[in-house]
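The values are calculated or read from the model by the stated rules, or taken from the named source; none is laboratory data. Only a predicted model underlies this, so the values are computations on that prediction, with no experimental measurement involved. All Cβ positions, even for glycine, are placed from backbone atoms using ideal geometry, and neighbour counts span all protein chains on display.
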Amino acid sequence: MKFDKLLGTKNMYRLLSLFFALLLFFYVSYQRLGTTRVSDKEVANSKLTTTKTLSLKVPLTLNVDNSKYYVTGYPEEVKVDISGPSALVTTLDNTRNFEVYADLSDLKSGTHTVRLKTSGFNKELSVALSPEKIKVKIAPKKTAKMPIQVRYDTSLIQNGYVAGSPSLSTQTVDVTGAKADIDKLDSVVANLNLPENSHGDYGRTVLLQALDKEGHALPVSLSPETVKVNLPISQATATKEVKLELVTENNGVPGKTYQLSTEIKTVKLRGTKSALDKLNSLRVPVSVTGVNESTTKTVSLSPTKAGVASVTPASIVVQITVDDEQDQDSLERALPTSSSSSKVAESTSSSQQSSTDELKNDTSETSSATSGSEVSSDRTTN
């Protein structure tokens, strides 16, 4: 009876409602949890089964004895096309924990065609390289230390101004390359690009170049690769007269000798006082290439030293006198004759000297005798 009464109360209905609500809540939550788990598995499986393609530019590594050999001709980067499961490709792209390399460890000097290799790729990934093979040149390695030369266009400096000696962050550079290329090395230059009408100090960081005698760039490595250049530019207000110094330039015709002369003895230099104080003459090279007879040549005069802005006059006329060199054999044959002639002349001179001495002695004796007679005569008279 008490239970029946309890069933009829409002509290009982409330308890039943709460019970069924909780039961419904747990049922719905369980269904959602199961659905979520299935969904996550489906996504994971989808990522593993979905194919993704990726193209990358990858640095090429060389396996070679760098202390002994220098390698040229290879690309710095290789194109890599990667395809496979999306998750694996994405992970690979994020980590970049792989390598493309050329194995040159068993190769000697010479030109070789080598197939590229890879490492660090998952076996489920498909990898394609472009190029698949490279052609390299392996040569003995050599290193040389070279001074740095600064080049610039003086026509870009404002009129009335002149450039001084440039200052560099380093004076020398280490040049490394194939021995054959290092043997061709002529200079390392820093080309400073001046703005038009430059009239003040100018500084820039400049890329260095290694050149041969013809001015062609050589395939070598430079350390450092750049140099900081500062070029002082100031007004040219000082003048000074200096003498000319003519010198032959280049090789002339074999068997010929050359003498240079000009009517102009001095020239006027204009530049900075500090630069002119160091100069007492202007060296003027005159090319005698192909000159086999005496001639005249007009030679342009231009400033060759830092701090010198101009030379007056701007050109001179040089007289080139050409003579034949004396043949060495003829010279050797002429030497004994000259010696004999010298001896004959010496003998003749000695004979003449003896005769003269004898004549002088005879004359002296005669004079003495005469003087003695006169003295005796005087004495007798007295």
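Observations
- Test result for ALA238, touching a helix residue (DSSP H, G or I) at 6+ places or on another chain (Cβ under 7 Å), among the aliphatic types (A, V, I, L, M) and farther than 30 Å from GLN326 by Cβ: yes
- Note on the range 60-95: among residues that are under 30 Å from PRO219 (Cα atoms) and without any contact (Cβ under 8 Å) to a residue 24 or more places away in the chain, the one that is surrounded by the most Cβ atoms within 10 Å (Cβ to Cβ) is GLU77.
Per-residue answers, yes or no, for (1) assigned to a strand (DSSP E or B); (2) in the same structural domain as THR72 (by TED's automatic domain parsing); (3) in contact with a strand residue (DSSP E or B) (Cβ under 7 Å, 6 or more places away or on another chain):
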| residue | (1), (2), (3) |
| --- | --- |
| ILE182 | no, no, yes |
| ASN193 | no, no, no |
| THR205 | yes, no, yes |
| LYS243 | yes, no, yes |
| LEU246 | yes, no, yes |
| PRO254 | no, no, no |
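- On the stretch given as the range 212-241, residues that are part of a strand (DSSP E or B) and not basic (Lys, Arg) total 15.
- Counted residues, the range 265-282 - those being in a strand (DSSP E or B) and among the hydroxyl-bearing types (Ser, Thr, Tyr): 2
- Total residues in the range 193-206 satisfying the condition of being within 17 Å of the chain's Cα centre (by Cα) and buried (at least 19 other Cβ atoms within 10 Å of the Cβ): the figure is 1.
- Number of residues in the range 160-170 that are of a type outside the set (Gly, Ala, Ser), part of a loop (DSSP other than H, G, I, E, B) and at pLDDT below 95 equals 1.
Here is a yes/no grid of residues against (1) out of contact with any helix residue (DSSP H, G or I) (no Cβ under 7 Å at 6 or more places or on another chain); (2) on the phi > 0 side of the Ramachandran plot; (3) loosely packed, with under 14 Cβ neighbours inside 10 Å; (4) not assigned by TED's automatic domain parsing to the domain that holds LEU62:
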| residue | (1), (2), (3), (4) |
| --- | --- |
| SER109 | yes, no, no, no |
| GLY120 | yes, yes, yes, no |
| ILE148 | yes, no, no, yes |
| ASN159 | yes, no, yes, yes |
| THR170 | yes, no, yes, yes |
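- Those residues of the range 270-298 which are of a type outside the set (Gly, Ala, Ser), within 30 Å of LEU156 (Cβ to Cβ) and under 30 Å from the mean Cα position of the chain (by Cα), in sequence order: THR272, LEU276, LYS278, LEU279, LEU282, ARG283, VAL284, PRO285, VAL286
- Flag if VAL173 is part of a strand (DSSP E or B), within 26 Å of ALA238 (Cα to Cα) and under 19 Å from the mean Cα position of the chain (by Cα): no
- Qualifying residue in the range 250-268 (condition: touching a helix residue (DSSP H, G or I) at 6+ places or on another chain (Cβ under 9 Å), closer than 20 Å to ALA163 by Cα and surrounded by 12 or more Cβ atoms within 10 Å (Cβ to Cβ)): no
- Meets criteria (in contact with an Asp or Glu (Cβ under 7 Å, 6 or more places away or on another chain), among the charged types (D, E, K, R), outside the structural domain of ARG283 (by TED's automatic domain parsing) and in contact (Cβ under 8 Å) with a residue 24 or more places away in the chain) for ASP212: yes
- The set of residues from the range 293-318 being without any contact (Cβ under 8 Å) to a residue 40 or more places away in the chain and β-branched (Val, Ile, Thr) comprises THR295, THR296, THR298, VAL299, THR304.
- Complete set of residues in the range 109-159 that are of a type in the set (D, E, K, R) and not in a strand (DSSP E or B): LYS123, GLU124, GLU132, ASP153
- Residues satisfying the stated conditions in the range 292-330, i.e. modelled with pLDDT of 50 or more and part of a helix (DSSP H, G or I): SER330
- Failed criterion for GLN209 (all others in (1) touching a Gly at 6+ places or on another chain (Cβ under 8 Å); (2) part of a strand (DSSP E or B) hold): (1)
- From the list ASN197, ASN191, the lone residue that is at positive phi, in contact (Cβ under 8 Å) with a residue 24 or more places away in the chain and of a type outside the set (A, V, I, L, M, F, W, C) is ASN197.
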